[in-house]
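Note sheet for the following structure.
The values are calculated or read from the model by the stated rules, or taken from the named source; none is laboratory data. Remember, predicted model here, so these are calculated numbers, not experimental data. In this analysis, Cβ positions are derived from the backbone assuming ideal geometry, glycine residues included, and neighbour counts consider all displayed protein chains. Heads up: the accessible areas ignore ligands, DNA and RNA and are worked out on the full protein's heavy atoms, side chains in. Shrake-Rupley method; radii C 1.70, N 1.55, O 1.52, S 1.80 Å.
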Amino acid sequence: MSALRLTLRAAPAQRVDCAPLTPAALGGKSAAEIGALLLAAGGPPVRVDDLFTIEGTPGDTLVLAGATARLDGIGTALNGGTIEVDGDAGDYLGRGMATGTIRVSGSVGTFAGSGMTGGELRVRGHAGDFLGAPLPGEHRGIRGGLVLVEGNAGERAGDRMRRGTLLIKGNTGALLASRMVAGTIAVGGTVGPGAGTGMRRGTLLLPALPAGLPATFNDCGTFPLSFLTLLARAWRGLPAPFGDLPERGLRVRRLMGDLAAEGKGEILIRA
Amino acid sequence: MLLKLTGGRVYDPAHGVDGQVRDVYVRDGRIVAAPAPGTTIDREIDLRGRVVMAGAIDMHTHIGGGKLNIARAMLPEDHRGEAVQRSALLRASCGHAAPGTFATGYRYAEMGYTAAFEPALLPMNARQAHLEMGDVPMVDKGGYAMLGSDDFLLRLMAAGTEQAVINDYVAWTLHAARCIGIKVVNPAGISAFKFNARRMDLEDRHPYYGVSPRDVLRTLARAVHELGVPFPLHVHSNLLGVPGNFPTTLGTVEASEGHPIHLTHIQFHSYGTEGDRKFSSAAAQIAAKINATPNASCDVGQILFGQTVTASGDNMSQHRNAAVASPKKSVTMDIECDAGCGVLPFRYKDKNFVNALQWAIGLELFLLVTDPWKIFLTTDHPNGAPFTTYPHLIRLLMDRTFRNECLGTINPDARTLSTLGSLEREYTLYEIAILTRAGPARLLGITDMGHLAPGARADITVYRDDANREAMFTTPEYVFKDGEEIVRDGRIVKVVQGRYHTVEPEYDPAIDRRLAEYFEKYLTIRSRHMWISRDELSGLGHDAEVVVHPTRRAR
Ligand SMILES: [Zn+2]
């Protein structure tokens, strides 16, 4: 498997839009052609070879080494292939991606995975606000695929999510799963106030009852749910605390809401 | 500096020039007669084989005013995908259906347009609208002041006030709002909506003032005529978009009682109720009426398939249509207690029966109205489609084979119901030059634009002749504005500002006191604050020139 490696020469002074850098878009191009591509940036556009050293040959995998939080839009609309980010990524990482894999060793900015429809997005560090959320004016957040954040996520993670899986190993900020329509979100740590505000359907799996839950959620009591067995099997192979979900004997306390919206969402608290 | 454009095929319908090879001379921003032999030519451009026309004029395009800003605020997604990057010459801008001011000016010029007129300028919002249009570079502009649902007029009419006073008010409005014409939208209906009426037909009475749309149409058409404003009353009829609305449209023509009347975006007003789905084309009846009525003209408001946004003063119809917004969001609101507006995004789909038939109805109207001086090429930007689709629309009109290919791909039920496939007419370049140049200038009463005779402003567009008319009209080879080369090969080479076009009909200043009292009592600002002076207007447009076109009192 061939790989193209772009190594940042120095931290850019301005934000740079890296959306044109995907394995598919660079496939078949020579190093000179790739180097001559222009990226929109604060101030005048910049050439790829002014920003990065270029090694290897384009193929399935693109490695962005020495990346910083100024690199926006990495993996935008990714449709196949793998992008490995060695370092941090800026805003809009994997926005609208459909298939393929993005792995980030550091942390990412706002709107990572915004409106993605499929594929896999894995972040070793933290994610900023609006993880998976639609941009202002849009109606739909994550519509498919898997997002796994090993650190914390900011506010509004999973806003308007409709499908897919959003897993956050650490803590989240306020308004997790706001306006959620469907899909599954699980969190390993603590959750900020207002979780599930405007939630219509969908499932939120949490280790403990969060503070500041909207009054428009109803407690339905604690019981076993056979659906959790299927979920546990589907998550085998993922890191803890998701991959080690017990297949049997798991009981959850179920809260239904948000009754101010459609009210068919559920927040499941592990008993 | 004397410029000679040599050997092009000139289309100048105002003077009956139909593709004859002519030289065009330009000096000091104007077209001049051929100079005496031996005169030094400073620059000569060889245009042999090229098509030469005056700069195009869009006589109905929503490019300024509050509703556009509502559309922009409501549709950030419309802007994100269509960025215009800053260059040494151009400012950054964006937008597809509701582009920013800079993108608007650039795209018009790139298509060979040199003037654009905003048809729904709310007098109360005039300052903001002119500021916004002042920021649109490259093209001349002007506005039509919206009356007909304003409480002051309805109040005067309800009290039986004589026409002379109403004329004074209309004239005052043209001065105060610095406009070139008067527009009426859903006559009396915008106000009636606020009194909970949800439908206004010609004979219906306003729930509070008791006046009917017919009364409003007659009164305003007469006022515009008696004030000697060249541009006829610009009418957006009642019942926009309602199946079976065509008798109302026919009645609207009658309601002007012989005074000049222009029906705008008639495509949306040419619907019957035949067939299983109770939606059919009445283009034939409407076209026959336009053909038979010497005092009537129209523009089409063609729809073209794709995403756009509809923005209108017609709160009543926009409220009715809010359920079909796509994506699902809309705004219906009051403006300054004096008018209203409605904005909703819309995606016209070729496989949708209603949309496909709307598309066909618009084209039927283009082909059935026989006199090209009475019909104008518009999409009611952005309501039917963004103005950037004009080259595509021109190809549909000029190329029957292409038109029938497109017809073959639309919703089959709509195709069966439409007579479009049987219409053989193909527009000529001469007729296109009437629809987009000579006709609008004549209707607006602008005597030195839209043609290429000596004395005209040297707004000139040069096209490479191309059997693919869409390609031809998308990318002119040269565009000159006031004699300066502003576009070369579809790319802007010089940024210019453009001027405002206005009229200032005479009126009895006694109306000032009456208005001052009324504003003081009922409105959000004083009348003297609403008033925009000529100097202020110039400032709103970055020191733009303000042209006042002559009016001639009818009595
Ligand atoms: Zn309009």
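What to note about this one:
- Surface calculation, 1.4 Å probe, protein heavy atoms: B:Ile432 sits at approximately 0 Å² accessible.
- The GNM of chain A, with springs linking C-alpha atoms under 10 angstrom apart, assigns the highest mean-square fluctuation among A:Ala215, A:Ala195, A:Ala177 to A:Ala215.
- The charge dipole of chain B, taken about its Cα centre with unit charges on the Cβ of Lys, Arg, Asp and Glu (plus for the first two, minus for the last two), comes to roughly 640 debye.
- GluC sites (Glu not before Pro) restricted to the range A:236-271 and DSSP loop, no more than 12 other C-beta within 10 Å: A:Glu247
- Accessible area (Å², 1.4 Å probe, nearest 10) - A:Asp60: 90 Å²
- B:Lys351 accessible area, assembled protein chains, probe 1.4 Å, Å²: 130 Å²
- Gyration tensor (alpha-carbon) shape descriptor, the range B:306-348, a/c threshold 1.5: prolate
- Amide H contacts under 5 Å for B:Val309, placed H, 5+ residues apart: B:Phe346
- Computed from backbone phi, the HN-Hα couplings of the range B:195-202 come to 9, 6, 6, 10, 7, 10, 9, 3 Hz, rounded to whole numbers (Karplus: 6.51 cos²θ - 1.76 cosθ + 1.60, θ = phi - 60°; Gly and Pro given as x).
- Other residues whose C-beta falls under 15 angstrom from the C-beta of B:Gln318 contribute a net charge of +4, scoring Lys and Arg +1 and Asp and Glu -1.
- Cα pair distances in the range B:346-395, grouped into 5 Å bins until the bin that holds the longest one, percent each: 5, 18, 26, 29, 16, 5, 1
- Farthest towards the positive end of the charge dipole of the range A:107-270, among the residues A:His126, A:Leu206, A:Leu230, is the Cα of A:Leu230, using unit charges on the Cβ of Lys, Arg, Asp and Glu.
- Entries of B:Lys194/B:Lys328; B:Lys4/B:Lys141; A:Lys29/B:Lys349; B:Lys183/B:Lys328 with Cα pairs more than 32 Å apart: A:Lys29/B:Lys349
- Between A:Ala98 and B:Ala322, the FRET efficiency from the beta-carbon distance, with R0 = 22 Å, is close to 0.10.
- Using equal-weight Cα scatterers in the Debye expression, the normalised intensity of the range B:283-326 in log10 at q = 0.26 Å⁻¹ is -0.95.
- Of the two radii for the range B:65-184, the radius of gyration is 1.09 times the Kirkwood radius, both from the alpha carbons; that is the Rg over Rh value.
- Going by accessible surface with a 1.4 Å probe and the largest first, B:Asp151, B:Asp380 read B:Asp151, B:Asp380.
- Relative to the Cα centre, the charge distribution of the protein assembly as shown, modelled as +1 at Lys and Arg Cβ and -1 at Asp and Glu Cβ, gives a dipole magnitude of about 2120 debye.
- Distance between the 7 Å Cα→Cβ label points at A:Thr229 and B:Tyr208: 6.7 nm.
- Centroid-to-centroid separation of the range B:159-219 and the range B:352-367 [C-alpha atoms, Å]: 30 Å
- Between the range B:130-147 and the range A:66-121, the Cα center-to-center distance that results, in Å: 43 Å
- Annotation: lysines with alpha-carbon distance below 17 angstrom to B:Lys374 (same-chain offsets under eight excluded): B:Lys289.
- The HN-Hα couplings worked out from phi for the range A:217-226 by the Karplus form 6.51 cos²θ - 1.76 cosθ + 1.60 (θ = phi - 60°) are 10, 9, 7, 9, x, 10, 6, x, 10, 5 Hz, whole numbers, x standing for Gly and Pro.
- For B:Ala116, residues with placed amide H under 5 Å, excluding near neighbours: B:Asp58, B:Asp140, B:Lys141, B:Gly142
- Prolate/oblate/rounded label for the range B:229-310 (Cα gyration tensor, a/c 1.5): oblate
- Expected 222 nm ellipticity per residue - DSSP helices of 4 or more, -39500 (n - 2.57), all of chain B, to 500: -9000 deg cm²/dmol
- ³J(HN,Hα) computed for each position of the range B:306-319 - Karplus, 6.51 cos²θ - 1.76 cosθ + 1.60, integer Hz, glycine/proline x: x, 7, 8, 9, 9, 9, 8, x, 7, 4, 5, 6, 5, 5
- Shape category assigned to the range B:499-555 from the gyration tensor of Cα positions, a/c cut at 1.5: oblate
- Pairwise Cα inverse-distance average, inverted: Kirkwood Rh of the protein assembly as shown (Å): 29.6 Å
- Taking only Cα atoms of chain B, radius of gyration then Dmax in Å: 22.5, 73
- Taking the convex hull of the alpha carbon positions in the range A:107-270 and averaging its projected area over all directions gives 8.1 nm².
- Taken about its Cα centre, the range B:90-162 carries a charge dipole of about 200 debye when Lys and Arg each add +1 at the Cβ and Asp and Glu each add -1 at the Cβ.
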